[in-house]
Amino acid sequence: SVLNLLHREGGDHAGDNAVSVLVQRLSKAAAAPYIRAVELWVYDGQVDDPYDEFLIVEQNSMKKESLMDDYNAVFWSKRYSLRGDIPHFIGDQLAQKILTTGKYLNAMRETDVASLATLPSRPNDGLGKIPFDANALIGTGKYADRIGERFELAANALLRQVWDRGELRTRLASMKMYFLISQGDYLVHFLDTAKSE
């Protein structure tokens, strides 16, 4: 909320150069720990939120062991969620991408920790420079591009893991045979013929 307040003040005083420079400097300093927390989530899938104000809310009470009891558990949708107060410089769309990226990393960690090593490491400058001026477009810039790249890398790595090691292709083929989808033309012909009987 402090970051959003600073963003509003910057917009309200956009014509005053001295105030704009001061607000930008304050925004950059106030956002530094927040940006480090976003980097930790996007690159490692870990939540660092000692003051309960980070973008991602982690429900530590939810454990993956609950999946053994209830196969329809909402573990992945409830374990991590977005906080209601999203900083303006991130925006709703980028916030969703940040959340999903960390979820993908955690899914990989839960199933095969070694697969995380295949992802590129964090760049030396982290997410890069983040513009805090009032005229900056929300969710754009080098930081948004890097979050997008990490999202694509995590999504592809998780899909590869599920496809190859989880034998998704074999399981889908088995379901196709079980539900007679592979016999589609024959089934339609049979039902048409049996209709009169």
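The values are calculated or read from the model by the stated rules, or taken from the named source; none is laboratory data. In this text, all values refer to a predicted model and were calculated from it rather than measured experimentally. Cβ: placed from backbone, ideal geometry, glycine included. Neighbour counts: every protein chain shown. For the accessible areas, the whole protein counts, side chains as well, though only heavy atoms, and no ligand, DNA or RNA atoms are used. Shrake-Rupley method; radii C 1.70, N 1.55, O 1.52, S 1.80 Å.
Table for the structure above
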read-out: Filter pass, Tyr71 being open to solvent by less than 70 Å² (accessible area, probe 1.4 Å) and either of a type in the set (Phe, Trp, Tyr) or modelled with pLDDT under 85 (or both); value: no
read-out: Matching residues, segment 82-97, being out of contact with any Phe, Trp or Tyr (no Cβ under 9 Å at 6 or more places or on another chain), open to solvent by 40 Å² or more (accessible area, probe 1.4 Å) and either of a type in the set (A, V, I, L, M, F, W, C) or not in a loop (DSSP other than H, G, I, E, B) (or both); value: Leu82, Asp92, Gln93, Gln96
read-out: Subset of segment 147-179 (residues that are farther than 23 Å from Glu39 by Cβ and either among the basic types (Lys, Arg) or in a loop (DSSP other than H, G, I, E, B) (or both)); value: Arg160, Arg165, Gly166, Glu167, Arg169, Arg171, Lys176, Phe179
read-out: Filter pass, Val57 being farther than 24 Å from Gly141 by Cβ, β-branched (Val, Ile, Thr) and free of Cβ contacts under 8 Å to residues at least 24 places away in the same chain; value: no
read-out: Any chance Arg36 is out of contact with any strand residue (DSSP E or B) (no Cβ under 7 Å at 6 or more places or on another chain), touching a residue at least 60 places away in the same chain (Cβ under 8 Å) and either part of a helix (DSSP H, G or I) or open to solvent by 70 Å² or more (accessible area, probe 1.4 Å) (or both); value: yes
read-out: Members of segment 9-58 found to be under 30 Å from Glu110 (Cβ atoms) and of a type in the set (Asp, Glu), listed by number; value: Glu39, Asp44, Asp48, Asp49, Asp52, Glu53, Glu58
read-out: Residues satisfying the stated conditions in segment 146-193, i.e. modelled with pLDDT of 75 or more, of a type in the set (Lys, Arg) and open to solvent by 50 Å² or more (accessible area, probe 1.4 Å); value: Arg160, Arg165, Arg169, Arg171
read-out: Those residues of segment 1-21 which are open to solvent by 90 Å² or more (accessible area, probe 1.4 Å) and more than 24 Å from Gly84 (Cβ to Cβ), in sequence order; value: Asn17
read-out: Selection count where residues are acidic (Asp, Glu) and under 10 Å from Ser27 (Cβ atoms), scope segment 1-17; value: 1
read-out: Segment 1-56 - residue that is within 17 Å of the chain's Cα centre (by Cα) and aliphatic (A, V, I, L, M) and, of those, modelled with the lowest pLDDT; value: Ile35
read-out: Selected residue (only one of Thr100, Thr111 is among the hydroxyl-bearing types (Ser, Thr, Tyr), open to solvent by 20 Å² or more (accessible area, probe 1.4 Å) and under 13 Å from the mean Cα position of the chain (by Cα)); value: Thr100
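Residues are listed down the side, and each one gets a yes or a no for (1) touching a helix residue (DSSP H, G or I) at 6+ places or on another chain (Cβ under 6 Å); (2) among the aliphatic types (A, V, I, L, M):
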position: Glu9; (1), (2): yes, no
position: Asp16; (1), (2): no, no
position: Leu26; (1), (2): yes, yes
position: Ala30; (1), (2): yes, yes
position: Ile35; (1), (2): no, yes
position: Val42; (1), (2): yes, yes
position: Asp52; (1), (2): no, no
